[in-house]
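> One structure follows; several queries about it will come next.
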Amino acid sequence: MMDIIEIAIDLIDEDKDQPRYQFDDEALQELMQSIEELGLLSPIKVRTTAGSRYMIIYGNRRYKACKMLNRATIPCIVSNVTDETEIYLEQIAENLTREGFSPIEEAEAFNKLLNDPKFSSSTKYLSSRLGKPESYIKNKIELLKFGNAVKKLIVGGTEIRKDKLTEDQLLPLKDLPLEHRDPLALIMARDEMPVSDVKKIAKLFKDKTISASTKDKLLYKSGNELLETWSVFEQNKAERAKSAQPKAAAKSEKTEANAPPAQAPEPTGAASSAPSVTGSPLQPQSAAPAMEPAAAAATLLDTPAAAPAPATLLDAPAAASAASSVESKLQRLLASLPAFSELTQEQLAGGLNDPGRFAQDVDTAIQQLELHLNEWKRIRDLASQPVSSN
């Protein structure tokens, strides 16, 4: 059993390097009232330092409350431990059991143990000592990727609150580029977006088919508008994939119909004198002809979600058909585009029925046009590549 002794408060110093440094004033006032009415129910823990003084290992809030109540002494447990790693681990373990230890304080403490040369611990070691899964420790450290404006909003628990962020809300955003990650986190906090919606919005910003400039413009939307954008984007992608399936099947059937019959191996004696037979089970197939650039472009345009046909099934007629398809699409697009004419102020003088809706429709039009523009740029680049000779 550990001995508890009364020590003069003016002989005790706070540990400025301890993991916990955020103290809620309202909670501290409640603790003071409890101590005044019931007394201090749990002693604090200290260690000896030079000059017959003591330094707190844990119990800073209780120490602060007693000092504010002008208590002369405070009950203490005096520890003989001198190893810095052991002391820091004990401080973390104690605070993990206490209310108000923030996720950022946890993250900074874990990061310090892992990266400070004074400690040089490992995730596995911390997991075994603190009784927490390694994933728990790694997820906490991921929170340090965010900027200070976001970190200030992070709170413990899972309750979604306005202008606050939980760990579960932030983790889906952690791998996004900084220019999108922090602004999105602030939008999620402002609009109280649930975790399931945050994951969908994060998926939208991770999609590589959407240009960085379009993603920059999306940051002007609210959380609910971003969710609606995700829904429309996914529907359009599903429709493109669905329409691509019959085309892919037709191409496959046409390719198989045009494929020459396999040659039968000649019945000869020694294998060393047998002629080479392409496609023979005894020998590897030769490399298939490369796709024409225009045909590859057609695949990008027509079948964004469908698996490409095996290279060994692609023949010249199929490639020519694909090239013809993309050229036909380009001609239809050019025919449908109106001649450019700049809108004048007079054309808007009559006013708009719904200016807010109009602005949203313009944003949607810009987004869709940019997607088409990026796709045709890729097609142009593919088409400009030299055709490899067989």
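The values are calculated or read from the model by the stated rules, or taken from the named source; none is laboratory data. All values reported here derive from a predicted model rather than from experimental measurement. Note: ideal-geometry Cβ built from the backbone for every residue, glycine included; neighbour counts use all protein chains shown. Quick note on the areas: whole protein, heavy atoms, side chains included, nothing else; ligands and nucleic acids left out. Shrake-Rupley method; radii C 1.70, N 1.55, O 1.52, S 1.80 Å.
> So which pairs qualify, if the first residue must be in segment 222-237 and closer than 18 Å to Asp191 by Cα, the second must be not hydrophobic (A, V, I, L, M, F, W, C), the Cβ gap must be under 6 Å, and the two must be at least 6 apart or on different chains?
Ser222/Asp191; Gly223/Asp191; Leu227/Asp197; Trp230/Lys200
> Which is open to solvent by 30 Å² or more (accessible area, probe 1.4 Å), within 30 Å of Lys237 (Cα to Cα) and under 15 Å from the mean Cα position of the chain (by Cα), of Asp216, Asp207, Asp168?
After ruling out the rest, the residue left standing is Asp168.
> Here's something else I'd like to know. Which pairs turn up if I take residues in segment 363-376 that are farther than 12 Å from Ser211 by Cβ and look for partners that are open to solvent by 70 Å² or more (accessible area, probe 1.4 Å) and not in a helix (DSSP H, G or I) with beta carbon separation below 9 Å, at least 6 apart in sequence or on another chain?
Asp363/Tyr220
> Something else: Identify all residues within segment 52-95 that are in a loop (DSSP other than H, G, I, E, B) and open to solvent by less than 50 Å² (accessible area, probe 1.4 Å); write none if there are none.
Our first condition is that a residue be in a loop (DSSP other than H, G, I, E, B); within segment 52-95, this holds for 52, 59, 69-72, 80-83.
Result: Gly59, Leu69.
> Moving on. Can you tell which of Pro183, Pro172 is of a type outside the set (S, T, N, Q) and out of contact with any Leu (no Cβ under 6 Å at 6 or more places or on another chain)?
Pro172
> Determine which member of the set Lys247, Lys254, Lys217 is of a type in the set (Lys, Arg), in contact with a helix residue (DSSP H, G or I) (Cβ under 8 Å, 6 or more places away or on another chain) and at pLDDT below 65.
Numbers: Lys247 fails: at pLDDT below 65; Lys217 fails: at pLDDT below 65.
Matching residue, one of Lys247, Lys254, Lys217: Lys254.
> Just checking, does segment 203-210 include any residue being more than 16 Å from Ser102 (Cβ to Cβ), touching a Leu at 6+ places or on another chain (Cβ under 9 Å) and not in a helix (DSSP H, G or I)?
yes
> Among the residues of segment 19-51, how many are among the polar types (S, T, N, Q), part of a loop (DSSP other than H, G, I, E, B) and modelled with pLDDT of 90 or more?
Here the count works out to 1.
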